[in-house]
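Derivation of every value follows stated rules applied to the coordinates shown; laboratory data play no part. All of these numbers come straight from a predicted model, not from anything done at the bench. Methodologically, a virtual Cβ is constructed for each residue, glycine included, from the backbone with ideal geometry; neighbour enumeration extends over all protein chains shown.
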Amino acid sequence: MVLAVGLLGIGFAGCAKPIRHTDVAAAADMTTTASVVQTASARYSQPMPNRIFSSSQLAGRTLEVATTADIILRPGEVVLTFDDGPRAGKTPRILDALDRYGVKATFLMLGSAAKANPALAQEVARRGHTVGSHTYDHTDLTQLDRQAAIDEIARGEAAVAAALGPERLSPFFRFPYLSQTGYLRTTLLQGDMVVLDVDIDSKDYFKDTAEVVTTRTLERLDARGSGIILFHDIHQRTVDMLPGFLADLEARGYSVVRLVPRTSGVFGRSVITADAPVDASPTTQ
């Protein structure tokens, strides 16, 4: 499979730490690992407006995705993504804001967070949002050797899948800090995972006000015209800014695209496997 670097204009910051330049050229290294199963899956202070879901003009089309290359957005289209959750007290309010506007998002969950909040992870899926993974412990994978990095990815995906129970895990994945190597990206793509990049980084992990986050994100979006937006459902400022941000999106004429796995091929994959167990923490007698 041809390396899909740059398909969506990979951002240069994310999850509270700038991305480092990585060895994208290493994509030529197609080493096969036994750990990947190829068949494997500002107006922030305003009260939330009372509206029936169907009245919103913000909800856009549903885009079925089998590979990263399928994510092609038209002018005025955005994809909302939330990393690092789920988080009690915050993710539910994020879900309520999205419901008010009738839009769906993609949640890239940490395995550790999903394991700690399985009912909340299932609630995200039940409300019609797409759930993917984001490693187990939010580790910078470029600081690990290849096998340890694959194990961390696999452990995270397995933990999210276990937390979801009867709900469906998508094969969508995002690198912590957007930090990756060509080898890791190619390995995941060969394993039928869909790597989600970032076009607009809200930088909601900075200690700014909700109004600043809203203004910064809208300015970057207006300059670009469309794209995948990165938020985190673990910050209060994101909870506070989201209703006003969605109202601003609607007023500007944007539409929110829902990403879902394509129903054939990749949709039937199993989670990747690794040598490390889902929960490798020591037990006491």
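Proximity of backbone amide H atoms, modeled 1.01 Å from N, is registered between I228 and V79, D199, I200 at under 5 Å, excluding neighbours fewer than 5 places apart on the same chain.
Among R100, R262, a tally of other beta-carbon atoms within 10 Å of each Cβ gives an order, fewest to most, of R262, R100.
Pairs over the 19 Å Cα-Cα cut-off, from the set K90/K203; K90/K207; K104/K203: K104/K203. By other beta-carbon atoms within 10 Å, ranking H134, H129 with the fewest at the front produces H129, H134. Relative contact order of segment 70-216: 20 percent, from C-alpha pairs under 8 Å at least 6 residues apart in sequence. Taking 0.36 nm per residue of separation and subtracting the Cα-Cα distance, full extension of the segment from R74 to E219 would add 50.4 nm. Sorting the segments 171-181, 150-160 by their mean number of nearby beta carbons within 10 angstrom, highest to lowest, gives 150-160, 171-181.
Please list, ordered by chain and number, the residues whose modelled amide H lies under 5 Å from the amide H of F107; skip anything fewer than 5 residues away on the same chain. Under 5 Å from the amide H of F107 lie the amide H atoms of F82, T130, V131, G132, each far enough along the sequence or on another chain.
Each label was represented as a point 7 Å from its Cα along the Cα-to-Cβ direction; for A119 and D145 these points are 4.3 nm apart. Sorting S226, S202 by the number of Cβ atoms found within 10 Å of their own Cβ, with the fewest placed first, yields S226, S202.
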